[in-house]
Structures are given as C-alpha cells and as structure tokens.
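In what follows, a single structure is set out as structure tokens and then discussed.
The values are calculated or read from the model by the stated rules, or taken from the named source; none is laboratory data. Bear in mind the structure is a predicted one, so any value in this text is a computation, not a measurement. Positions of Cβ are generated from backbone atoms using ideal geometry, with glycine treated the same way; all protein chains shown enter the neighbour counts. For the accessible areas, the whole protein counts, side chains as well, though only heavy atoms, and no ligand, DNA or RNA atoms are used. Shrake-Rupley method; radii C 1.70, N 1.55, O 1.52, S 1.80 Å.
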Amino acid sequence: MNTYLLALLLGVIEGLTEFLPVSSTAHLRISEALLGVDLSNGYWKMFSIVIQLGAILCLPIHFRSRIGEFLATFPRGIRGDRTWFNHPLTLTLVAFACTAGPAFLLTKLIGKNIENLILMALSLVIGGIVMWIVDAMRGNRHKPDDVDDIRPGQAIWIGLCQTLSAVFPGTSRSMATIAAGELAGLSRVTALEFSFLLSIPTMLAATGYELVKFLRHPEQEGLTGGIRMDTQGTAVLAIGFVVSFFVAWGVVAWFMNWVRSRGFAPFAIYRILLGAAVLVWAAVSR
C-alpha cells in the first residue's frame with residue numbers, strides 16, 4: 001500500500017477510536033498487523049505516538065469554553081461551593097496522579113504487553129462485558145449531575161481504574177474511566193466529560209514521554225531502517241497527525257451528543273465481537 005495512503009488510513013482509525021470506549025491501541029495494532037506494517041519498526045511506533053498526540057490535541061480546543069470556565073472560577077467553582085481541594089481542575093490532577101504513579105512503576109510490564117494481540121483481544125471481550133453490565137445496571141439510575149459534583153474519592157477511584165488501560169492494552173482508557181465513573185455513581189454524561197478532561201493530562205504526559213524518548217535516543221528506540229526522518233518520513237507523520245486531529249474532533253462532538261440520549265451497549269457489543277474475531281484470527285494464523 002502507498003505510504004501516504006497508509007498514513008491517511010491509520011490517522012482515520014486513530015481519530016475514530018481514541019475517545020470511543022473501543023481501544024484505539026487495539027485498533028491500530030490490529031490494523032497494522034492486517035496491513036503488513038512492521039510492528040517492531042521504530043518509525044511506525046513513533047507514527048502511532050504522533051497520531052495519538054494529534055487526536056488528543058483536539059480536546060483542549062473542543063472543551064476550551066468549559067476549561068476556561070473552570071480556570072476563571074478556580075478555586076470557588078461555578079456555583080461558589082468548591083475549594084482548592086475539590087475543584088474539578090484539582091480533582092482532574094488528583095485522578096491523573098493516581099494513574100501516573102502506578103503506570104510509571106509498571107513501565108516494564110506495559111512495554112512487554114503493548115503489542116500482544118491475544119491480550120488485546122481478551123481485554124476487548126472482557127472490557128466489553130464489564131461495560132455492558134455496568135451501563136445496564138447503573139446507566140439509567142442517576143440523578144442529573146455535573147463535573148462540579150465529583151468528589152475526591154470518586155476522582156481517586158477513576159484514576160486508579162484508568163491504570164488498567166495502561167497495563168492491559170485493549171482495555172481502553174475511555175472504557176475504564178467511563179465504567180469507573182458510573183460505578184462511582186456518576187451519570188453517563190458526567191462520567192464521559194470527566195473522562196475527556198482526565199485524558200488531557202494523562203495522554204499528553206504519556207505521548208510526550210514516549211515521543212521525547214524517540215527523539216533523544218532514535219537508535220536505541222529502533223528508529224532505523226525503513227522510512228527515515230527525511231522529507232517523506234516527515235510528510236507521512238504530518239498527514240497522520242492532521243487527519244487524526246480533525247477526525248477525533250468530529251468524534252468527540254458526536255459522542256457527547258450520542259451519550260446524552262443513548263447508552264454504551266452498542267460499543268460493548270462491538271468490543272466483544274471484535275475481540276472474538278481477533279482470537280479466531282490468531283488461532284487460525286498459528
């Protein structure tokens with residue numbers, strides 16, 4: 001396949017799946033395996049990081065009014081009943097810290113599992129079942145709430161659950177935080193909005209860390225062979241980044257509207273079917 005077309009396709013896949021509870025990591029790895037992309041090639045590993053960064057950067061723009069509102073009312077909050085310790089911005093950072101600490105300590109385990117398609121398939125199936133059950137039990141039983149209503153204990157719980165997506169690729173960061181939020185008593189919309197807010201520091205830190213590693217030690221990270229960082233290599237990265245950014249922006253807007261009137265069951269079913277298909281494919285390919 002033409003390299004530019006491949007960059008376009010992978011950028012679309014990343015943009016479509018980064019914020020839906022279906023695991024962008026699993027979709028990228030499955031797509032790369034089907035398309036014959038060398039998963040051990042450092043360039044394509046860096047490409048995956050760059051297009052993920054493109055998707056993430058759409059969030060501060062999409063939620064710019066909401067974020068500006070939080071900043072303008074810090075620390076008292078929009079209703080004037082918050083403090084330095086329970087303001088939404090503080091709780092977002094608390095949840096981020098609860099993810100970053102364990103994830104950093106488990107760095108070696110994370111790197112070891114990141115390309116394991118069998119583990120991703122199992123995570124897709126198990127995560128789909130969990131999300132389906134949680135949404136069926138909790139999704140329609142919440143009083144209207146808002147991110148301003150989140151308590152410190154709920155933020156800590158969501159942050160810790162988010163770690164599962166780092167340890168078990170295919171779990172989906174979005175699925176983990178949404179399901180954790182619903183279990184903690186949040187409504188679907190509030191759980192989703194907090195998931196989006198939390199993903200900004202979490203994913204910027206994760207992708208930034210990985211990208212810096214590649215740029216500082218390209219040979220150590222395997223950025224040799226295949227496409228190099230010449231004009232073509234840079235253009236391929238740019239295409240993937242831009243496409244991922246705009247596709248993800250559209251998905252975020254659509255997903256927020258979808259959740260206001262529907263649940264997460266369709267995504268759970270899709271996860272289960274995809275995971276089962278990958279397991280069958282892996283068994284046949286052996």
- Note on the structure: Computed over the stretch 1-50, protein heavy atoms only, probe 1.4 angstrom, the accessible area per residue in square angstrom equals 33 Å²
- Protection proxy ranking, peptides 151-160, 8-17, 92-101, average beta carbon neighbours within 10 Å, highest first: 8-17, 92-101, 151-160
- Where does helix 265-285 land angle-wise versus the long Cα axis of the chain, in degrees 0 to 90, nearest 10? 20 degrees
- Message: Using Cα-Cα distances under 8 Å and only pairs 6 or more residues apart, what relative contact order does the chain have, in percent?
- Response: 37 percent
- Item | From phi via Karplus (6.51, -1.76, 1.60), per-residue ³J(HN,Hα) for the stretch 117-130 in Hz, x at Gly/Pro | 5, 5, 4, 4, 5, 5, 5, 4, 5, 5, x, x, 5, 4
- Message: Accessible area of the stretch 150-286 with a 1.4 Å probe: how many percent of it is carbon plus sulfur?
- Response: 68 percent
- Go through 230-240, 65-75 and give me the packing order, highest mean Cβ count within 10 Å leading. 230-240, 65-75
- Message: Tell me the net charge near Ala55. Cut-off is 14 Å between Cβ atoms, Ala55 excluded, with +1 for each Lys or Arg and -1 for each Asp or Glu.
- Response: -1
- Cα-based Rg of the stretch 229-277 per 2.2 N^0.38 Å, rounded to two decimals? 1.70
- Message: Skipping prolines and chain starts, which residues have an amide H placed within reach, meaning under 5 Å, of the one on Gly77, given they are 5 or more residues away or on another chain?
- Response: Arg82
- Message: Taking the 0 to 90 degree range and rounding to the nearest ten, how far is the long axis of helix 173-183 tilted relative to the main principal axis of the chain, both from C-alpha atoms?
- Response: 20 degrees
- Angle in degrees between helix 152-167 and the longest Cα principal axis of the chain, rounded to the nearest 10: 10 degrees
- Per residue of the stretch 3-9, in order, report the coupling 6.51 cos²θ - 1.76 cosθ + 1.60 (Karplus, θ = phi - 60°) as ³J(HN,Hα) in whole Hz, putting x for Gly and Pro. 4, 5, 5, 4, 4, 4, 5
- Task: Work out from phi, with θ = phi - 60° and the Karplus expression 6.51 cos²θ - 1.76 cosθ + 1.60, the ³J(HN,Hα) of each residue of the stretch 11-24, listed in order in whole Hz, and give x for Gly and Pro.
- Result: x, 5, 4, 5, x, 5, 10, 4, 10, 7, x, 10, 6, 5
